[in-house]
């Protein structure tokens, strides 16, 4: 579904992604994870042409991404940012309809789609009349997800979609997203630095460090056959507090 | 649809400017400088031609000598009155001239002719209050050498004229250094209030008698004669040959006493220049020309429409140019810097200077004022458009691109609506500044609220000054309010809430 071949990317002469290749299969949820500055968000932006690599090529739907087809390809994918990236001058529903209206889709179909998405994300249609400034963080992320799903894209890109939420909202939206992803069967690429989130959502996990792909595998394989000591270190780092607590209770 | 209406309005406005110009092109245009005597003389010439069935319009109180001369040579005016001394030293400076025939020869090079003198000599003189004269026993200009502490206040024109202060100082070896330039009509007030000790006078000024000023004797024969004459474009005689006859009829008919009386009738007794000129012509030629008596309301309607015309058209054009410039600048930071510097430099040109620069290109009246106001309106709008667009949050810009909107649609649907509060604020700033600056348009014949202010200063008539100043202030407030209203109605409620929460 998505293919990256020998990608390198620099900012101001600093290479932040080194000669990286990756293939993301259809219908899977793939999580890009790693410490801050490892290049995971850059990689995500390269996949939808918000950034362009110096070397290598990227294909979506077997089509090589280029400046001439990027707008067309972007219309076939969905993108959710950490803060939602909703347009503050439009109501939630206007945000959702923007592209469908721009592409002059049938209004009846648009209405139906909105109703469908409300049901999917448990958002009331009344809430959609509000402007983003009047919504809570969790509501904003739900609306952003609905906007991304509006045109029924084959691929969904999410850049730390839960990063700005408080822990309670985080857990509940994470559970919901899990249900939504499995119901829709889309290809999902999600960036996070939270191992718990990755463990809960991912079919496959990409562990990155300093612009290199360390390992690309299922969680159990990462745990059982780490390709690098850092993989184990990274997985365990986030488990540690809980393990210590469990040990104390025992 | 809204754009179409806007364009239709602009086209209409341009047609109006055009037709206004066409109308004045067929009539003979007589100009006057911004002092009473010049206005009376031009009014007299205008009425005299009109009563002989020649179409003529008076473009009154346009400015100083250089402006009127330029306008005459450029063909923006056909006729205006001036003085021999001024012509020799200010206009033809450098040419060796000893007689009226020499002047005529020199003027012919510019395609300009001169009538014989109208009769009176209105020379420059220096005056002090009677008490100063008594206290320091001042009688002659040379007496001033003993009092270097005296403060002089001269007209701005006198300050740098060939026959003005610099060479007067050299001629008499005067030591004074506290010398400043100010408006002639305000100089009398300054003298009376004691903030200056000596001013330059025109010898036919009505105020000399009114304030009982002591006129210092020109004991070293510095000042030349300033005999009033009429200058006109020689090609006027090809268009309207009979004009020469009527201009010649005015030769030698005004004595010095008569001129002082007429100045006094206007400045001290409150008659209009038109009335004074009319009664003079009645005595001399037994003609009664029609003069338009305008009520305050008539004038207010005229000045308001002139002012609105200047402001709306120049601001409208500035919006149409500045927003695209701002968008262009926001796309590329180098281009943006260049654009901002250029419009910034324009902004630093003093408004009067900019108005005068426009005259060789566009003549006098509405067009140069419109262009100057247009140029002044650019900076706030360009700057706010540019900063509004470049200051958009990164996540919003990113998600607009990620949705797959082409750049033009991103601009129209996302970036411009989000930058709208900033752009609107820029337009508001421009509009308020524009309302104020447009009052200067009166100096080059564009009318507006500046006209009564200018006349009011000249005639020392506070009610006339207020007739321009109050509506200008009210208009500025109305502009402010209407933009506040527009902000509330045009801007998305989503943005207003955001503004409230951050303010």
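Nothing in this text is a laboratory measurement; each read-out follows from the coordinates by a stated rule. These figures come from a predicted structure and were not determined experimentally. Neighbour counts are summed over all protein chains in view; Cβ atoms, including those assigned to glycine, are modelled from backbone coordinates with ideal geometry.
Tabulated data for the structure shown
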{"quantity": "Three-way shape call for chain A based on the alpha-carbon gyration tensor, with the a/c threshold at 1.5", "calculated": "oblate"}
{"quantity": "On Cα atoms only, tilt of B:36-51 relative to the major axis of chain B in degrees", "calculated": "90"}
{"quantity": "Per-residue average of Cβ from other chains inside 10 Å of B:385-395", "calculated": "1"}
{"quantity": "Helix axis angle, A:137-149 relative to chain A longest principal axis, alpha carbon, degrees", "calculated": "80"}
{"quantity": "Segment A:87-152 - percent relative contact order, Cα under 8 Å, separation 6 or more", "calculated": "53"}
{"quantity": "DSSP bridge pairs, chain B: antiparallel proportion in percent, nearest 5", "calculated": "60"}
{"quantity": "Exposure proxy order (Cβ contacts within 10 Å, fewest to most) of A:38, B:312, A:118", "calculated": "B:312, A:118, A:38"}
{"quantity": "Ranked A:234, B:285, B:35, criterion: other C-beta atoms within 10 Å, fewest first", "calculated": "B:285, B:35, A:234"}
{"quantity": "Segment residue B:108-residue B:328, length gained on full extension (0.36 nm per residue, minus Cα span)", "calculated": "74.1 nm"}
{"quantity": "For residues of A:72-83, the mean tally of beta carbons on other chains within 10 Å", "calculated": "3"}
{"quantity": "DSSP beta bridges in the protein assembly as shown [antiparallel fraction, %, rounded to 5]", "calculated": "55"}
{"quantity": "Neighbour-count ranking [beta-carbon atoms within 10 angstrom, fewest first] of B:225, B:269", "calculated": "B:269, B:225"}
{"quantity": "Sum of -39500 (n - 2.57) over DSSP H runs of 4+, divided by residues of chain B (222 nm, nearest 500)", "calculated": "-19000 deg cm²/dmol"}
{"quantity": "Nearest-ten-degree value, helix B:65-74 long axis tilted from longest Cα axis of chain B", "calculated": "70"}
{"quantity": "Average beta carbon contacts from partner chains per residue of B:481-494, 10 Å cutoff", "calculated": "2"}
{"quantity": "Over chain B, relative contact order from alpha-carbon pairs under 8 Å, at least 6 apart, %", "calculated": "16"}
{"quantity": "Beta bridges by DSSP in chain A, antiparallel share as percent, to the nearest 5", "calculated": "50"}
